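To start, the structure under review is shown below, and the notes come after it.
The values are calculated or read from the model by the stated rules, or taken from the named source; none is laboratory data. Please read all numbers here as calculations on a predicted model, not as lab measurements. Every residue, glycine among them, receives a Cβ derived from its backbone with ideal geometry; neighbour counts consider all protein chains shown.
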Amino acid sequence: MTREQLEHAIRAACDVVRDTELWIFGSQAILGVHPDAPASLRASIEVDVQPRNRPEAVDAIDGALGELSQFHQTYGFYVHGVPVETAVLPTGWESRVTAVHDDVTTAGCTGWCIELHDLAVSKLVAFREKDRDFVRTLLAERLITTGLLLERLAALSPAVGGADRLRRWVQATAEDLAGE
């Protein structure tokens, strides 16, 4: 995915739900800060979003812009409307987002991309192989730091199980990368 595609997704999703702001919290949130991130981090053709001011309209996004929609067939990527609560994020994530906003490319709408350490935490909580690979690449490319990632893991709600396992994975991965 490209930054231009992300901006298109913001425009289209805001138009569908009649909102001017979106939370962007999937892997393509990386484009908010690093539009030229390594291709492996931009490989997804899906943008996960929720309308910020009209969260109840999230399902309308899938119907109009989701997988296998006319939008997907036309542009080669799709917009997945999903409640932001499906991502497990550290406390305070809302204050660390990056705005993607332009009067022309996003038609005055704003996509609020979650910060990369917060994104990495959500990926680690999911703990799928592709998510671990994503976080490993973030660490290898020095787009995130081990110390701050560990701090954000510590900021997870105690209700999130397995935080010790995730911290051990981060430490072991950082050691592996240091040895390369």
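Values as computed for the structure displayed
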| quantity | calculated |
| --- | --- |
| Residue check, S69 more than 18 Å from A107 (Cα to Cα), surrounded by fewer than 18 Cβ atoms within 10 Å (Cβ to Cβ) and not assigned by TED's automatic domain parsing to the domain that holds R132 | yes |
| L6, sole failed condition from (1) without any contact (Cβ under 8 Å) to a residue 60 or more places away in the chain; (2) part of a helix (DSSP H, G or I) | (1) |
| Tally, over the range 139-177, of residues that are among the charged types (D, E, K, R) and at positive phi | 1 |
| Filter result (in a helix (DSSP H, G or I) and either surrounded by fewer than 24 Cβ atoms within 10 Å (Cβ to Cβ) or not β-branched (V, I, T) (or both)) within the range 18-31 | S27, Q28, A29, L31 |
| Unique residue being acidic (D, E) and buried (at least 19 other Cβ atoms within 10 Å of the Cβ) when the list is D131, D164, D118, D103 | D118 |
| Qualifying positions in the range 128-139 - free of Cβ contacts under 8 Å to residues at least 40 places away in the same chain and among the hydrophobic types (A, V, I, L, M, F, W, C) | V135, L139 |
| Qualifying residue in the range 79-97 (condition: more than 24 Å from V160 (Cβ to Cβ) and surrounded by fewer than 19 Cβ atoms within 10 Å (Cβ to Cβ)) | no |
| Of residues in the range 44-75 being assigned to a loop (DSSP other than H, G, I, E, B) and either within 11 Å of the chain's Cα centre (by Cα) or free of Cβ contacts under 8 Å to residues at least 40 places away in the same chain (or both), the one nearest to E115 (Cα to Cα) | S44 |
| Among residues of the range 11-34, those that are over 13 Å from the mean Cα position of the chain (by Cα) and not small (G, A, S), counted | 9 |
